[in-house]
Amino acid sequence: MTSSPSPALAARLAALTPQQRALLRAKVLRARPQERLTPGQRRLWETHHAIGGRPADVVCQAVRLTGATADLDRLAERVEGFVRDHEALRTTFEETGGEVRPVVHEALPPRLTRSHCATAQEAEALARELAREPFDLASGPLLRVVLATGPAAQEAWLLVVVHNLVFDAWSFEMLLDALDRDAGAPAPAVTPFSRWAREQAAWVAGDAGRAAAEYWAGVVDAPPPPLPTDRPRSGTTARNGNRVAFSLPPGVTAGIAALAKREAASAYAGWLAVAWAALEKFGGHADVLLGTFTAGRDRPGAETAVGYLLNVLPVRLRNPDDGSWAARVRTARTISRAGLRHAAYPGELIDAPRRVAGTHPLFDAVFVFDNLGETTRTLQDAVVSTTDVDKGTARYDLTLAVYPRADGVTGWLEYDTELYEEATVRRLAELFTAAAEEASREGCR
């Protein structure tokens, strides 16, 4: 039940200018009790402060546009419209009495700037500089975009830097879609992140959530020993990092895809089997516990939500049977399918004792598989090529990223420089590429 304002108050409200009403509404919204952080956001918040605001959990993408002259003014308008449409990008985070709450603002424009980049190296350096500038989580904005001209009329750059608290890889693809949407096309459906967060909490508290908790507890029970490091692990790390890049010829992509298809598995399972074999040799144990990313977009409407929906879950690979590639792929297929049935459960809530000091409580290595770029994307008739910029940080002790394409495979190993020497990580990269080539030859037989 609500009461009407007094005549005097009503008169004062009516006399406000539109700008004054907007300010008043913003204050009221900020005064309302807000949703709590999701488990994933809570981890990101704690990590942000534990490492002094370094950009470990920051999306940093350099998008190159070639083959057509981009209208940067129109791109700027589309970026601003995208922020207006999605509440996550108008969110900041306040800490009061030890409790952190997200605050959704009616208006919170992104930081949009213009520049000129003569080379790809210059564009990536600018994006890296933008990412290293500390984010003010309480004031925002948490989205920074640079629109840059290139050395020729038909070349431009879109540099996107945004904190993971409000954005993930799927959100980035949604942004690119919005930038290229026809002006006359109907606006796409939008799911507020806060609604998704409420639904996640309800699911976790229900029967399906309890069943998932039991499943994941079994996955991480009696974990294998951590991977070896060059220097002892301590309770803290600054998450300073470096990357070792690698590449493989086009035939490797086709060979592993064929191997996976033969075992009724996905390409992801094929590459996961390769990662398993490489880490088994590296660590000396057939029992390997990895982290892997899931999109968190299983529930209806989640595919239209911008925010941090990404979930990091454990993958336990053991018992390789006869050690053949077929056996490894079958195991990876079975484990992946079983985990997908419970993939909505937040990895941060999985009940397991911390096994590695100073790292994620469940694992010390993460596997990233991204084949979204297999299809050529255009934006304003320009061809889009995207680079995930190395920020000089490490989200985990080790992250193995693989990007299979028709023209070859690229990838990198990101590592915590407090734990590993570059030579050690290069050896792991060599183990991985050798395993991939061997698995590919098996797939081509």
Taking placed amide H atoms and a strict 5 Å upper bound, the residues 5 or more places from L379 or on another chain that come that close are V384
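If the chain between A295 and D381 were fully stretched, how many nm would it gain, using 0.36 nm times the residue separation less the Cα-Cα distance?
On the way: separation 86, 0.36 × 86 = 30.96 nm, distance 2.83 nm.
Value of the extension gain: 28.1 nm.
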Tell me, what ³J(HN,Hα) does each residue in segment 227-241 have, in order and in whole Hz, if you take phi through Karplus 6.51 cos²θ - 1.76 cosθ + 1.60 with θ = phi - 60° and put x for Gly and Pro? 5, x, 10, 7, 10, x, 6, 10, x, 9, 8, 7, 6, 6, x
For every other residue with a beta carbon closer than 13 angstrom to the beta carbon of A187, add +1 if it is Lys or Arg and -1 if Asp or Glu, then tell me the sum. 0
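Suppose we keep just the DSSP beta bridges with both residues in the chain; what percent of those would be antiparallel, to 5? Let's see the in-between values first.
Working: 54 of 67 bridges.
Bridges in the chain that DSSP calls antiparallel: roughly 80 percent.
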Along each of the three principal axes of the Cα atoms of segment 309-445, give the extent in whole Å, ordering the values from largest to smallest. 51, 40, 37
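Any chance you could run the full-extension gain for D407 through H116? It's 0.36 nm times the residue separation minus the Cα-Cα distance, nm to one decimal.
101.8 nm
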In sequence order, calculated HN-Hα J values of segment 103-110 (Karplus, 6.51, -1.76, 1.60; Hz; x Gly/Pro): 10, 8, 9, 5, 9, 8, x, x
Between D207 and A15, what is the label-to-label distance in nm when each label sits 7 Å out along the Cα-to-Cβ direction? 6.0
Could you run the Karplus curve 6.51 cos²θ - 1.76 cosθ + 1.60 with θ = phi - 60° over segment 329-345 and give me ³J(HN,Hα) per residue in whole Hz, x for Gly and Pro? 5, 4, 5, 4, 4, 5, 5, 5, 5, 5, x, 4, 5, 10, 6, 7, 7
Based only on Cα atoms, what mean projected area does the convex hull of the chain have, in nm²? 24.8
Provide S385, S234 in ascending order of the number of other Cβ atoms located within 10 Å of each residue's Cβ, fewest first. S234, S385
Obtain the radius of gyration and the Kirkwood radius of segment 33-179 from its C-alpha atoms and give Rg over Rh. 0.99
For V368, list long-range residues whose amide hydrogen, built 1.01 Å from N in the peptide plane, is under 5 Å from its own amide hydrogen. L400, A401, V402
Spacing of the two label points (7 Å from each Cα toward its C-beta) at S139 and A286, in nm: 5.8
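For T376, T237, T253, T387, what's the fewest-to-most ordering of other Cβ within 10 Å of each Cβ?
Working: T376 8, T237 20, T253 25, T387 14.
Going from sparsest to densest Cβ surroundings: T376, T387, T237, T253.
No lab work stands behind these numbers, since they all come straight from the coordinates. Since this is a predicted model, take the numbers as computed values, not measurements. With ideal geometry, Cβ positions are generated from the backbone for all residues, glycine too; neighbour counts draw on all protein chains shown.
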